[in-house]
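Here, each number is a calculation from the coordinates, and none is a lab measurement. Small disclaimer: the values here were computed from a predicted structure and weren't measured. Here the Cβ positions follow ideal geometry from the backbone for every residue, glycine too, while neighbour counts run over all protein chains shown.
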């Protein structure tokens, strides 16, 4: 194996193993920042040694052992936590007596709990939403600072500072490396689900830039969601979120044309929808149903996406059921955005005028003042009612608000179409 091939193999191993490596070390040193640093040190050792010695049979166990050695060295140098130093020394001595495969088995005994602890640390409410997203992608996704910065179109230095501040905040707040107590679990789990879905949404409909979508972020969010579903299989909302993302991700190939231009849901070629992802999504939704109880917000949204997935053509969509599901969602988790989505469903089920009435009630809503989809939806409903001049104004306003180039082009094209319609002679 050449040096280049070895480096590629090391990068692949790091992407696969980094989360469990950081999680395992964090359990020992009780400091996420230090755990990541030690894991990175182990990676440097691999880069130095593996090109000559070859990639070991169990690279994850090799990296964990190397990181543990560095943990002990660090504790010795800093003379911190003498008791922890002795515990680590005893553990390492025991590990050294095991074969490499036995080490891997021993690590696997705790990996589920360790990963779950790391998930809750990275998504801790003491951190800002932006910090939680960055830390989750860094610690659990194994993405580099540069990769995360490019995904969210922010300077690498800004992202790096965000991650450093997040680790400092966790340390200063003395956040314990543990799964939250039962009384805190629901709120903490809600924070985790929010972070994963925000990552997915940024990939599904990019906030800014020249790309309509960033599928790599969708894939990363899906991976994290699937892992979480296996770590907490009794939590219905986790399966609801996975179902929602699986079904939405099934449309990715159909959401843009050959030139990258957006294709809206009702105009998509459904033959291009990924049937495997749809089946996985419906299966996840069924898992949520089997756990019993009322659906939470993510499971309700998954049920809505399932209505679309089950319709072979747009005309078969059960819009009345979708409107009813949005009614339930608005009762459970009321927000201006949910109400805007409900307006679309009501318009499709009961006519554009009914939807427009709901949208007009949202005008002036502070949370939607700079939200381009409010005038975008209003423009669509006005156009359906033949009020093209008003619709054109709304589409132009929506185009001015969005920071996504592809979305702006689509909205301006719709404004131009309204101009043509309003200029056409009426018979």
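A few comments on the model shown:
- Computed E for residue 219/residue 353 - FRET, C-beta separation, R0 56 angstrom, nearest 0.05: 0.90
- For peptides 260-266, 19-25, 182-188, sequence by mean Cβ density within 10 Å, most packed first: 19-25, 260-266, 182-188
- By other beta-carbon atoms within 10 Å, ranking 126, 338, 344, 44 with the fewest at the front produces 44, 126, 338, 344.
- The fewest-to-most ranking of 69, 174, 312 by surrounding Cβ atoms within 10 Å reads 174, 312, 69.
- Helix-only arithmetic for the chain: the sum of -39500 (n - 2.57) across DSSP H runs with n ≥ 4, divided by the residue total, places the mean residue ellipticity at 222 nm at -24000 deg cm²/dmol.
- If R0 is 30 Å, the Cβ-Cβ spacing of residue 146 and residue 333 corresponds to a FRET efficiency of close to 0.25.
- Note on residue 408 and residue 310: the extension gain reaches 32.2 nm, defined as 0.36 nm multiplied by sequence separation minus the Cα-Cα distance.
- Against the chain, whose longest principal axis is taken from its Cα atoms, helix 275-290 shows a tilt of about 80°.
- Computed extension length for residue 208-residue 321: 37.4 nm, one decimal, from 0.36 nm per residue of separation with the Cα-Cα distance subtracted.
- Whole-number Å³ per residue for the convex hull built on Cα positions in the chain: 171 Å³
- Tilt relative to the chain, helix 129-139 - C-alpha long axis, 0 to 90 degrees, to 10: 50 degrees
- In this calculation the C-beta distance from residue 73 to residue 370 is compared with R0 = 60 Å, giving a FRET efficiency of 0.70.
- Cα centroid separation, region 380-406 to region 10-31 (Å): 48 Å
- With Cα atoms, 0 to 90° folded angle of helix 319-332 axis to the chain main axis: 60 degrees
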